[in-house]
Amino acid sequence: MSIDLTMSALSTLVTQDLKQDADYIFYELTRSICPECRRVIDAKILLRDDKVYMHKLCPDHGSFESLVYGDAQAYVNSARFNKPGTIPLQFSTEITHGCPHDCGLCPDHQQHACVGIIEVNSACNMDCPLCFADAGAGFNLTLEEVESILDHFVAAEGNPQVVQFSGGEPSIHPQIMPMLRAAKARDIEYVMLNTNGKRIANDDEFLAELAEVRPAIYFQFDGFDSETYRIIRNEPDILSEKLRALDRLAEKGCPAILVPAIERGVNDHEVGKIIRFALEHPAVKAINFQPAFHAGRFGQHDPLQRMTNPDLIKLIEEQTDGMFQVSDFVPVPCCFPTCNSVTYAYVDGEDVLPLPRFLDVDDYLDYISNRVIPDVGAEIRKALEGLWSSSAVPGSAKLIQEFALSCAACGLPDGGLDISGLGDFMFGIMLQDFLDPWTFNQKNLMKCCKEILLPDGKQIPFCAYNNVGYREQARAQLTAQEPARNRARREGVPFQSQPLTFSFEQPFGVNGTNGKGGRG
Ligand code: SF4
Ligand code: SF4
Ligand code: SF4
C-alpha cells in the first residue's frame, strides 16, 4: 500500500514537471489588423526578454508576431504619462462600423488633432524606395480644396495649433505658397512644410518666398553615407544638395527640423553623427527621428527585428558618448505615450544640458499620481506639456517661452536667462514610431493626435490612413477627380471635390483589391 502511494505521488510529480511556463508575460489584449488582408483581429501584447511583442492570429492568414517596443519596463511605466484627451469641437463621422472604420474623427476618438496634415499632391521629384505615400502621378489639390480643408480644421479645433503641408513633395505644387499663406491667414499657430529639400537647394525664387512666409521646415535628412541614401532614397549622391539646402535656410534665418528615417543595418550607425551635426548647424533647431515606417512600398522587413523608440534612444546614448542619455527622454503625453518620446537641452557651445537632468519632468507629467504641487508647479507643468506635445514646433516663439519657464524653474543657466536669444540655445530631439500593419494597435490609434485632413472635412488618424486602407481609397477618388480639377483650372473657375467615401468590405488593403500601397 505504502509502495503504491509513493509510486502515485511520483507519477504526479513527473506529470507536473511536464508542464512548462510560457516564456512570456501576457500583458494585455488589444485589437490590431491582419498584415495580409487588413481585417480587424484581436492581438495579445506579450512581454519577453525585457521587450514588448504583439502576437495575433488571422483566421485566413495565420499568426503574426512583431516587436513593438524595445524596453518592456519603459512600456509598462509609460502608462503614467497618458494625459486625459481634449475633445474637438466637431466630429465629422458617426460611430457605425466600429474603430478603425469610422474615421473620422468619430465621437469615439479620444483626442483632438494636435497636428493636421494636408497632402496637397501625390507626385514627387524623388523616387525613394522608403515612401509610405507611394509618391507618383495622381492628384494636385486646388487652392480652393485646401482652403476648404483649413476651414473645416478651424471649425473642428477652434484655434488649430499646427498644420503640416505634405505630399508627395509639396514644394513642387505650383500653388504651395498661396496654400501656406492661406493657413497663416487663418491664424493657425504654426505652419510646417514637409520637404525633401530639393527645391530649397536649387530654386532662388522659391527660397526667397519661403523666407517671407516662414513656415517651419520639416526636412528629410537620413545621414551622411552615400550607401544610406542609395538604399533609402535611391539617390547615393544627394548629400551635397541636402547640405546646400540647409545652408541656404540658415542664410535666410529659416528654422529647420531634421527628419531622419532610421533603418536597422542601414543608417543606425549614423544617429550620433546626425545629432552632432544638428547641434552645430545654425538652421537646425531639432531632430525628429523616425524608425523606418514599414508601410506602402517599403513593407518588406523582419517585424521581429524592427527599430523601436527605445532602441533608438539607446543608440543615441551610445553614439553621443552619454551627451544624451536614456533617462533624458520622456514619453509625450498628448498621444498614446508609447508613440513618441522627447527631450530638450540647453546648449551653450560644447555644453549640452538636457532639461530632465535638472527638472523632474517625469513627476510633472505623471497623470496617475498627480504629485505636482499647485501654484508654481501648475505653471511649470503647463510649460512642460507644451514642450512634451505633438504640437511642439522647435524654433517657435511659444516653445522658446515654455523652455525659458522650465529652465528658470531649474536654475539654468548660471547667471540667469536672456530670453531674447534663447532660441539659439535650445535643442530638441523627438522620436516618433508610427504603427505599421504588424504593430498596429487600436488603443494607440484611438488617442492619435496627428490627423490627415481631407477636402470634405474628414480627419483620418495618420496610422489609420496608412494601414487600414484609407490612403488607397482616398488616392483613387482624389485622382479620379483630377480631370474635373484640370477643367476648372483651364476655365478659371473654383473647384471643390466630391466627399470621399470609404468601404471596408473584405477583401481590401495592400494585398487585396482596393489599390496599391503607400510611403515608408
Ligand atoms: S481611429 Fe478614432 S476616428 Fe477613427 S474610427 Fe477609431 S475612434 Fe473613430
Ligand atoms: S519619401 Fe518623400 S521624397 Fe521620397 S519619394 Fe516619397 S514623397 Fe518623395
Ligand atoms: S500617428 Fe500613429 S504613432 Fe503617431 S500618435 Fe498617431 S497613432 Fe501614434
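Among the GluC sites (Glu not before Pro) within segment 80-177, which fall in a DSSP loop and have no more than 14 other Cβ atoms within 10 Å of their own Cβ?
Passing sites in segment 80-177 are GLU94.
Taking 17 Å as the straight-line reach from the Cα of LYS242, the lysines in range (excluding those fewer than 8 positions away in the same chain) are LYS198, LYS252, LYS273, LYS285. For segment 44-53, 3J(HN,Hα) computed residue by residue from phi via the Karplus equation (6.51, -1.76, 1.60; θ = phi - 60°) reads 9, 9, 10, 9, 8, 6, 6, 10, 10, 10 Hz, glycine and proline entered as x.
Remark: the Cα gyration tensor places the chain in the oblate category, a/c being 1.5 or greater and a/b not exceeding b/c. Near the amide H of ASN288, within less than 5 Å, lie the amide hydrogens of LEU258, VAL259, MET430, all on another chain or at least 5 residues away, with H placed in the peptide plane. In this structure, the amide hydrogen of LEU500, modeled 1.01 Å from its nitrogen in the peptide plane, lies closer than 5 angstrom to those of ASP456, counting only residues at least 5 positions away or on a different chain. The relative contact order of the chain, computed from alpha carbon pairs under 8 Å that lie at least 6 residues apart in sequence, is 20 percent. Karplus-based coupling profile of segment 68-80, in residue order and whole Hz: 10, 7, x, 8, 5, 4, 5, 4, 5, 5, 5, 4, 6, with θ = phi - 60° in 6.51 cos²θ - 1.76 cosθ + 1.60 and x standing for Gly or Pro. Ellipticity at 222 nm from helices only: DSSP H runs of n ≥ 4 in the chain, each -39500 (n - 2.57), divided by the residue count, give -9000 deg cm²/dmol. Extension gain for TYR367-GLN496 works out to 42.1 nm (0.36 nm per residue, less the C-alpha to C-alpha distance). Sequentially through segment 429-444, phi angles give Karplus couplings (6.51, -1.76, 1.60; θ = phi - 60°) of 10, 10, 10, 9, 10, 5, 6, 10, x, 8, 9, 3, 10, 4, 4, 5 Hz, Gly and Pro residues having no value and appearing as x.
Taking 0.36 nm per residue of separation and subtracting the current Cα-Cα distance, fully stretching the chain between GLN20 and LEU304 would add 99.9 nm. A cut-off of 5 Å between modelled amide H atoms, ignoring neighbours fewer than 5 places along the same chain, links ILE452 with ILE117, ILE460, PHE462. Expressed to the nearest 5 percent, the antiparallel share of DSSP beta bridges inside the chain is 60 percent. Taking the DSSP bridge list for segment 162-312 and keeping only pairs wholly inside it, about 0 percent are antiparallel.
We did not get these values from a lab; they are worked out from the coordinates using the rules stated. Computed from a predicted structure; not experimentally measured. No Cβ is skipped: glycine too gets one built from the backbone with ideal geometry, and neighbour counts run over all protein chains shown.
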